[in-house]
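Quick notes on the structure that follows.
Values quoted throughout were computed directly from the atomic coordinates according to the rules given, and no laboratory measurement underlies them. Owing to the predicted nature of the structure, the values given are computational and were not obtained by experimental measurement. Please note: Cβ atoms are built from the backbone with ideal geometry, for glycine as well, and neighbour counts cover all protein chains shown.
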Amino acid sequence: MMDMAKSRFRFTISALLIFVACIALNIWLFRLGALWGILGLNVTKHVVIALLCQNLGVDRADAPKSPQPQRLSPPSPSQPLPLT
């Protein structure tokens, strides 16, 4: 059984409302004419892909990983320091 808490693909209510509004706009534009409907589908396609990319985190910046500084041990007093 799939755990719903681990699902990564979730739309917010606002994203679903935008998607439904785009569908309603397309229906209305197709009533005006085929050209307007095709232009509306093109815009809707871009909006839906942008929502999908935002939801999947395509351009999400990860927290920068700072490298751990390495501590160098001091040379022992019995060894001479290298001159290079």
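Computed quantities for the displayed model
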| quantity | calculated |
| --- | --- |
| Extended-chain gain in nm, criterion 0.36 nm per residue less alpha-carbon gap, residue 78 and residue 30 | 8.5 nm |
| Karplus-derived 3J(HN,Hα), 6.51/-1.76/1.60, for each residue of segment 15-22, Hz, glycine and proline x | 5, 5, 5, 5, 5, 5, 5, 5 |
| Calculated FRET value between residue 62 and residue 23, using beta carbons and R₀ = 30 Å, to 0.05 | 0.30 |
